[in-house]
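Below is one structure. I have some questions about it.
The values are calculated or read from the model by the stated rules, or taken from the named source; none is laboratory data. Just so it is clear, the structure is predicted and the values come from calculations on it, not from any experiment. We place every Cβ from the backbone using ideal geometry, glycine too, and count neighbours over all the protein chains shown. Heavy atoms of the whole protein, side chains included, go into the accessibility calculation; ligands, DNA and RNA do not. Shrake-Rupley method; radii C 1.70, N 1.55, O 1.52, S 1.80 Å.
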Amino acid sequence: MNILDNVTESQKEAITHIDGPLLVIAGAGSGKTRVITRRVGYLVESGTAPANILSITFTNKAANEMKERLGEFLDLRGMWVSTFHAMCSRILRSEIEQMSFTRNFSIYDTADQKKCITAVMNELNLDTTNWRPSAVAASISNAKNELLSVEEFSKYKSGYYNDVVSKVYTKYQKYLEANNALDFDDLLFTIVHLFRNFPDVLEKYQDKFRYILIDEYQDTNHAQYTITQLLAQRYGNICATGDPDQSIYGWRGANIRNILSFEEDYPETRTVRLEQNYRSTKNILHVASEVIKNNQSRKPKSLWTENDEGNRVRVIHCEDENVESREIAANISEFIKNGNAYSDMAVFYRTNAQSRVLEACLLKEGIPYSIVGSVEFFKRKEVKDVLSYLKLCANPDDDLSFERIINVPTRGIGATTIGRLREWADIHNANLLEAISRVQEIPEIKAKSTKAVKGFWKIISELYKLPTYPVMEFVKQIIGKTGYTDYLEQSYAGDSEERLENIDELVNAASEYDNSNPDGSLQGFLEEVALISDIDKWDDQTDTVTLMTLHAAKGLEFPVVFIAGLEEGLLPHSQSKDSDDDIEEERRLCYVGITRAQRDLFLIHTRYRAKFGQRSPCIPSRFLSEIPEDFIEGIDKTNYSSCSYERQTGDTEQNWKDLKPGDYLCDDEENVHDVADEFRHEGSQDSSNLAPGDIVNHEFFGRGRITKIITSTNTVFVDFSNVGMKKLVLEYANLEKIEDYCR
């Protein structure tokens with residue numbers, strides 16, 4: 001294959017640039033992956049050794065896809081194609097012994113991290129109802145992403161809450177070190193400190209990675225940004241690809257400024273813009289462009305396509321979430337009748353909670369679906385149990401894994417015995433595994449418990465004598481020697497079959513690892529499991545409708561896309577609080593969802609949605625009002641019990657953009673006339689253009705919908721998306737009506 005076949009001039013420019021920094025602003029669907037893979041191929045053809053190339057992606061799925069594409073025309077031996085976390089883990093396996101850890105360190109996932117932090121908080125006598133462990137964990141995670149050590153956090157972060165976090169952070173890090181463990185954030189944090197404190201190690205990897213390619217650069221956090229800067233210092237051959245308009249992970253530390261200031265960080269940068277979209281129809285692309293142009297923090301670009309005009313984007317106004325779900329199901333069924341596959345379609349939403357009603361409706365209609373981001377396989381109880389045995393065999397210092405499985409299956413070893421083992425280990429500066437090997441030296445443990453502990457030690461001792469590779473055989477040995485299958489059948493009679501199937505699937509996962517890694521190891525398998533994400537396990541070959549959050553949809557594409565819940569408080573989310581940066585990120589999230597669609601796009605919002613057990617009025621998302629009417633087809637699917645959403649002509653399929661306040665007709669015509677008279681009342685604030693249903697803006701409360709006006713008292717009731725219902729005096733409310741706002 002000729003690497004430069006079938007590429008555009010801008011793609012060719014990016015592919016053939018060799019030395020010096022390169023910034024590729026790649027619009028949605030513009031062939032970015034093709035450019036990255038062919039650029040790697042061009043570097044190799046031009047004489048660069050594959051071992052001198054580092055290619056970073058943001059998911060294992062993307063890394064594997066890139067390896068497959070590169071493998072079609074390159075010998076990949078020696079080349080590193082991985083995620084940031086996998087790269088850091090790989091380096092640390094070789095270099096971490098310089099930093100008080102050993103190479104067989106464990107990697108703790110978010111559940112492990114939370115468990116550790118909860119234990120630490122209990123030791124510090126902190127009330128976990130007032131100080132939520134998840135919030136403290138997030139603060140510690142943010143500190144590590146900002147590269148703040150325990151000492152630096154204590155120095156630079158002030159206030160009572162941060163003082164508490166500092167105490168937990170300090171003790172938590174000591175706990176990790178004692179367990180020879182790192183959490184996800186430590187993988188990045190530790191690499192930075194390794195490079196900064198050991199210049200010879202940094203120089204080694206600078207010399208190895210002479211050409212660095214970073215995909216999705218707009219999603220890098222401060223730690224990742226620093227790692228790439230350190231690695232690129234020596235040769236300056238860094239290629240960053242990405243799109244500021246698709247930066248959607250600010251909530252977990254990603255900094256859009258990294259890509260916006262790339263040319264300042266690397267003054268000799270050549271910038272290439274990929275603006276031709278190969279994915280979507282013209283109408284879909286127009287809608288996306290009209291929405292995203294309202295953002296200020298972006299790199300200007302003009303997406304265009306040679307694809308067909310396509311159908312107009314359907315905007316469906318629904319009564320509530322039940323109608324919303326039925327409309328989605330009905331349209332899916334119609335597409336199936338017309339010859340489409342279920343796998344052609346995806347439903348996106350802002351929060352996982354929105355999937356409940358959708359799932360119920362799809363089940364009722366017999367529509368097969370799969371959810372990305374449901375309970376993750378490797379976090380299921382039975383899977384984590386077996387993995388804990390594996391982790392303890394790989395890392396004897398992993399007390400967290402030890403405590404999980406010392407009494408699983410049940411052996412009669414209670415919390416009191418475990419506490420005394422822990423006390424002995426603390427006194428003797430030992431791990432819990434050593435404590436059970438010397439249990440006879442702990443007189444506080446009774447004879448019956450001592451016998452049970454010795455039984456557990458015998459099992460572990462036997463496991464340590466077994467070869468740990470192939471991993472599949474080792475997993476089978478653990479299941480057999482621990483009697484784990486019998487334990488599931490006896491302890492979980494109601495759902496033991498499903499749990500046993502999950503254990504079988506874990507064996508299959510180990511087998512797949514063995515087949516793909518002939519030179520692999522138990523540690524390698526555990527590392528792969530630890531770094532896997534929801535999207536990595538998604539099977540895109542199954543013929544089902546895909547349900548996922550907008551965040552999970554990044555990087556994917558489908559012929560037909562439904563985006564549910566386009567309402568203030570959902571998209572944009574209420575937590576954005578009308579901050580300019582947060583709203584812009586929510587708009588980018590909407591843009592990402594829109595640009596996943598290839599052929600048909602449905603944007604759906606409701607007039608009412610259940611919140612905290614009550615039916616609450618909803619305000620359509622401001623992003624809908626940013627779309628010109630030329631590119632959309634409005635469909636009204638409301639059906640009020642007390643008010644019908646129709647004109648006096650009875651036309652229920654009108655364009656919702658044409659509706660006026662007077663179009664809301666109540667069953668009681670007398671009340672309609674009374675309300676109309678009140679609208680003509682002249683008060684201190686002109687209320688002649690205000691009506692129930694209008695969208696207004698308040699200086700402090702933000703956006704809301706008028707639900708009632710009482711002219712006799714000159715008051716108005718407004719349901720605000722952020723603060724709920726408020727009764728205001730019109731004379732002082734200073735409400736600003738939002739014109740041309742979709743209803």
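Can you list residue pairs whose Cβ atoms sit under 9 Å apart, with the first residue in segment 558-585 being within 15 Å of F701 (Cα to Cα) and the second being β-branched (V, I, T) and buried (at least 16 other Cβ atoms within 10 Å of the Cβ)? Count only pairs 6 or more apart in sequence or on different chains.
Here the result reads E568/I619; E568/I695; G569/I619; S576/I583; K577/I583, each pair linking segment 558-585 to a residue that is β-branched (V, I, T) and buried (at least 16 other Cβ atoms within 10 Å of the Cβ).
Pairs needed: first member in segment 442-454, within 19 Å of T482 (Cβ to Cβ) and open to solvent by less than 20 Å² (accessible area, probe 1.4 Å); second member anywhere, part of a helix (DSSP H, G or I) and not polar (S, T, N, Q); C-beta distance under 9 Å; at least 6 residues apart or different chains.
V453/L421; V453/A435; V453/I436; V453/V439
Considering only residues that are β-branched (V, I, T), in a loop (DSSP other than H, G, I, E, B) and touching a strand residue (DSSP E or B) at 6+ places or on another chain (Cβ under 9 Å), which ones fall in segment 363-397? So that I can check it myself, show each step before the final result.
Initial filter on segment 363-397 (β-branched (V, I, T)): 367, 371-372, 375, 383, 386.
Within this subset, residues satisfying the condition of being in a loop (DSSP other than H, G, I, E, B) are 367, 372, 375.
Within segment 363-397, I367, V372 meet the criteria.
Which residues, counting only those in segment 131-149, are open to solvent by 10 Å² or more (accessible area, probe 1.4 Å), outside any loop (DSSP other than H, G, I, E, B) and either closer than 23 Å to R103 by Cα or touching a residue at least 40 places away in the same chain (Cβ under 8 Å) (or both)?
S141, N142, N145
Hey, another quick one. So, in segment 368-409, of the ones that are open to solvent by less than 40 Å² (accessible area, probe 1.4 Å) and among the basic types (K, R), which residue ends up nearest to D543 (Cα to Cα)?
Selected residue: K384.
When you look at E306, is it on the phi < 0 side of the Ramachandran plot, surrounded by fewer than 23 Cβ atoms within 10 Å (Cβ to Cβ), in contact (Cβ under 8 Å) with a residue 24 or more places away in the chain and part of a helix (DSSP H, G or I), yes or no?
The answer is no for E306.
Condition test on Y249, is it modelled with pLDDT of 95 or more and either closer than 30 Å to S388 by Cα or open to solvent by 10 Å² or more (accessible area, probe 1.4 Å) (or both)?
Considered against the rule, which asks whether it is modelled with pLDDT of 95 or more and either closer than 30 Å to S388 by Cα or open to solvent by 10 Å² or more (accessible area, probe 1.4 Å) (or both), Y249 comes out as no.
Continuing with the same structure: Can you find a residue in segment 222-235 that is more than 28 Å from N311 (Cα to Cα), open to solvent by 30 Å² or more (accessible area, probe 1.4 Å), in contact with a strand residue (DSSP E or B) (Cβ under 6 Å, 6 or more places away or on another chain) and not charged (D, E, K, R)?
The answer is no, given that none of the residues of segment 222-235 is more than 28 Å from N311 (Cα to Cα), open to solvent by 30 Å² or more (accessible area, probe 1.4 Å), in contact with a strand residue (DSSP E or B) (Cβ under 6 Å, 6 or more places away or on another chain) and not charged (D, E, K, R).
Within segment 544-613, which strands (runs of 3 or more DSSP E) (wholly inside it) include 1 or more residues that are touching a Phe, Trp or Tyr at 6+ places or on another chain (Cβ under 8 Å) and surrounded by 24 or more Cβ atoms within 10 Å (Cβ to Cβ)?
545-549, 558-563, 597-606
For segment 320-362, how many residues are assigned to a loop (DSSP other than H, G, I, E, B) and surrounded by fewer than 18 Cβ atoms within 10 Å (Cβ to Cβ)?
5
When you scan segment 309-319, how many residues do you find that are open to solvent by less than 50 Å² (accessible area, probe 1.4 Å) and either assigned to a helix (DSSP H, G or I) or not charged (D, E, K, R) (or both)? Explain how you work it out, then say what you get.
Residues of segment 309-319 that are open to solvent by less than 50 Å² (accessible area, probe 1.4 Å), as a first pass: 310, 313-319.
Narrowing the set further to residues that are either assigned to a helix (DSSP H, G or I) or not charged (D, E, K, R) (or both) leaves 310, 313, 315-318.
Residues flagged as open to solvent by less than 50 Å² (accessible area, probe 1.4 Å) and either assigned to a helix (DSSP H, G or I) or not charged (D, E, K, R) (or both) within segment 309-319 amount to 6.
Select from segment 157-176 the residues that are open to solvent by 70 Å² or more (accessible area, probe 1.4 Å) and among the aromatic types (F, W, Y) and write down the one among them that is nearest to the chain's Cα centre (by Cα).
If we take residues in segment 157-176 being open to solvent by 70 Å² or more (accessible area, probe 1.4 Å) and among the aromatic types (F, W, Y), then Y161 is nearest to the chain's Cα centre (by Cα).
Any idea which of (1) assigned to a loop (DSSP other than H, G, I, E, B); (2) open to solvent by less than 60 Å² (accessible area, probe 1.4 Å) is the one A493 doesn't satisfy?
Only one criterion is unmet by A493, namely (2).
If the requirement is being within 22 Å of L231 (Cβ to Cβ), in contact with an Asp or Glu (Cβ under 8 Å, 6 or more places away or on another chain) and surrounded by 15 or more Cβ atoms within 10 Å (Cβ to Cβ), which of these qualifies: I36, I3?
Unique residue meeting the criteria: I36.
Out of E462, E473, report the one residue that is free of Cβ contacts under 8 Å to residues at least 24 places away in the same chain and in contact with a Lys or Arg (Cβ under 9 Å, 6 or more places away or on another chain). Can you show your working first?
Working: E473 fails: in contact with a Lys or Arg (Cβ under 9 Å, 6 or more places away or on another chain).
Answer to the check: E462.
Which residue pairs have Cβ atoms closer than 7 Å, lie 6 or more positions apart in sequence or on different chains, and pair a first residue in segment 511-532 that is charged (D, E, K, R) with a second residue that is modelled with pLDDT of 90 or more?
D514/P470; D514/V471; D514/M472; E527/S89; E527/I107
Specify the residue that is modelled with the lowest pLDDT; the eligible residues are those in segment 94-125 that are of a type in the set (V, I, T) and open to solvent by 20 Å² or more (accessible area, probe 1.4 Å).
Checked segment 94-125; the qualifying residue modelled with the lowest pLDDT is T110.
One line per residue, one yes/no per condition, for (1) open to solvent by less than 30 Å² (accessible area, probe 1.4 Å); (2) within 30 Å of N311 (Cα to Cα); (3) modelled with pLDDT of 50 or more:
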site	(1), (2), (3)
L659	yes, yes, no
G662	no, no, no
D674	no, no, no
F679	no, no, no
S688	no, no, yes
D719	yes, no, yes
K726	no, no, yes
Y741	yes, yes, no
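Please work out which residue is farthest from K554 (Cα to Cα), limiting yourself to segment 69-93 and to residues that are modelled with pLDDT of 85 or more and surrounded by fewer than 16 Cβ atoms within 10 Å (Cβ to Cβ).
Per the criteria, the residue is G78.
Name the pairs: first residue in segment 13-38 and more than 23 Å from I248 (Cα to Cα), second residue among the polar types (S, T, N, Q) and surrounded by 24 or more Cβ atoms within 10 Å (Cβ to Cβ), Cβ to Cβ under 9 Å, at least 6 apart or on different chains?
Final answer for the pair search is A14/T241; T37/S55.
Going through segment 20-41 one residue at a time, which ones are at pLDDT 95 or above and either among the hydroxyl-bearing types (S, T, Y) or in a loop (DSSP other than H, G, I, E, B) (or both)?
Answer for segment 20-41, where residues must be at pLDDT 95 or above and either among the hydroxyl-bearing types (S, T, Y) or in a loop (DSSP other than H, G, I, E, B) (or both): G20, P21.
Report, ordered by the first and then the second residue, all pairs with beta carbons closer than 9 Å, sequence separation of six or more or different chains, a first member in segment 71-99 that is more than 18 Å from T57 (Cβ to Cβ) and without any contact (Cβ under 8 Å) to a residue 24 or more places away in the chain, and a second member that is basic (K, R) and open to solvent by 10 Å² or more (accessible area, probe 1.4 Å).
Matching pairs, first to second residue: S94/R103; E97/R103.
Applying the selection to segment 398-426, what residues are outside any helix (DSSP H, G or I), of a type outside the set (V, I, T), more than 21 Å from K476 (Cα to Cα) and out of contact with any Leu (no Cβ under 8 Å at 6 or more places or on another chain)?
G412, G414 - these are the residues of segment 398-426 that are outside any helix (DSSP H, G or I), of a type outside the set (V, I, T), more than 21 Å from K476 (Cα to Cα) and out of contact with any Leu (no Cβ under 8 Å at 6 or more places or on another chain).
Identify, by number, the condition in (1) in a helix (DSSP H, G or I); (2) crowded, with 22+ Cβ neighbours inside 10 Å; (3) modelled with pLDDT of 95 or more that E13 doesn't meet.
Going through the list (1) in a helix (DSSP H, G or I); (2) crowded, with 22+ Cβ neighbours inside 10 Å; (3) modelled with pLDDT of 95 or more, E13 breaks only (2).
What are the pairs, 6+ residues apart or on separate chains, where a residue within segment 268-286 that is over 15 Å from D600 (Cα atoms) and open to solvent by 60 Å² or more (accessible area, probe 1.4 Å) has its Cβ under 8 Å from a residue that is among the small types (G, A, S) and not in a loop (DSSP other than H, G, I, E, B)?
R273/S10
When you scan segment 430-440, do you find a residue that is over 26 Å from D486 (Cα atoms), outside any helix (DSSP H, G or I), open to solvent by 40 Å² or more (accessible area, probe 1.4 Å) and not charged (D, E, K, R), even just one?
No, segment 430-440 has no match at all.
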